[in-house]
Amino acid sequence: MNHGLPAVAVEIYTKIMTAETTGTPDFSHGDGLLPAIAQDAASGQVLMLGYMNREAWQQTLATGQAVYFSRSRKKLWHKGEESGNFQVVKAIYVDCDADTILLKVEQIGGAACHEGFPSCFFRKWSGSEFLIEGERVFDPQQVYKNP
C-alpha cells in the first residue's frame, strides 16, 4: 500500500524505515543517554527505569547482564554489584525511534529496587495519595554501605 505516494517516495521511505528499524540504539540524543526499561521476562512486570550510554550498552551485550549508567554517580553501574540482585538479560528490544531500550530480564535476588522492593514502581496512586504495594524483599540499610 503506497497511500497515494509516488513509487520512488515509497521506495525511499521503505529503505529509511528498514535501516532505522534494524539498526542499533541511537545514542546521539539526550547527552548520549537512553532510557532503558527493565521488565521481568516471565511475568511482564516493569521492574525499573535506568539509563544506558554506549559503553553500558556494549557491556550489557558482552556480559548478558544489565549494565546502566548512573546519572547521580556519573559512572557505569552493573546492576546488582552491591546488592547481588543482578539482572540476566533474556531479550533486548529498541523502540521505533531507536531511542529507548527495553530489557526483558530474569531478576536474580528478587528485588530490582534499591529500596528493597521487587519493582521500583511500588507506589500506586489511590486518587488522593500514593500507597505502597508489595513487600520489601530486603532492608537497604543491611545491604548497602551508602544507600
Item to complete: State all residues of the stretch 56-83 that are surrounded by 14 or more Cβ atoms within 10 Å (Cβ to Cβ) and part of a strand (DSSP E or B); if no residue qualifies, say none.
Response: GLN65, VAL67, TYR68, PHE69, LEU76, TRP77, HIS78
Fill in: Of all residues making up the stretch 86-97, the number that are touching a residue at least 40 places away in the same chain (Cβ under 8 Å) and under 20 Å from GLU115 (Cα atoms)
1
Worksheet, complete the sentence: Contact list, first residue from the stretch 59-71 and over 13 Å from ALA91 (Cα atoms), second anywhere and β-branched (Val, Ile, Thr) and surrounded by 13 or more Cβ atoms within 10 Å (Cβ to Cβ), beta-carbon distance below 8 Å, six or more apart or interchain, is GLN59/VAL67; VAL67/THR60
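Within the stretch 120-147, which residues are surrounded by fewer than 10 Cβ atoms within 10 Å (Cβ to Cβ) and either in a loop (DSSP other than H, G, I, E, B) or in contact (Cβ under 8 Å) with a residue 60 or more places away in the chain (or both)?
Within the stretch 120-147, SER126, GLY127, SER128, GLU129, GLU135, LYS145, ASN146 qualify.
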Discussion item. Regarding the stretch 103-124, can at least one residue be identified that is under 22 Å from GLY30 (Cβ atoms) and either touching a helix residue (DSSP H, G or I) at 6+ places or on another chain (Cβ under 9 Å) or of a type in the set (S, T, N, Q) (or both)?
Written reply: yes
Worksheet, complete the sentence: Only one of (1) in contact (Cβ under 8 Å) with a residue 24 or more places away in the chain; (2) within 12 Å of the chain's Cα centre (by Cα); (3) under 26 Å from ARG123 (Cβ atoms) does not apply to TYR51, and that is (1)
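If you go through the stretch 84-119, how many residues are closer than 18 Å to ASP40 by Cα and part of a loop (DSSP other than H, G, I, E, B)?
17
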Discussion item. Just to check your reading of the model, which residue among ILE101, ILE37 is closer than 21 Å to PHE117 by Cβ and touching a residue at least 24 places away in the same chain (Cβ under 8 Å)?
Written reply: ILE37
Discussion item. Criterion first (closer than 30 Å to LYS145 by Cβ, at pLDDT 90 or above, outside any loop (DSSP other than H, G, I, E, B) and out of contact with any strand residue (DSSP E or B) (no Cβ under 9 Å at 6 or more places or on another chain)) does ALA36 satisfy it?
Written reply: no
Item to complete: Scan the stretch 89-100 and give yes if some residue there is touching a Phe, Trp or Tyr at 6+ places or on another chain (Cβ under 6 Å), surrounded by 13 or more Cβ atoms within 10 Å (Cβ to Cβ) and of a type outside the set (Lys, Arg), otherwise no.
Response: no
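The values are calculated or read from the model by the stated rules, or taken from the named source; none is laboratory data. All of these numbers come straight from a predicted model, not from anything done at the bench. A quick note on method: Cβ atoms are made from the backbone with ideal geometry, for glycine too, and the neighbour counts reach across all protein chains shown.
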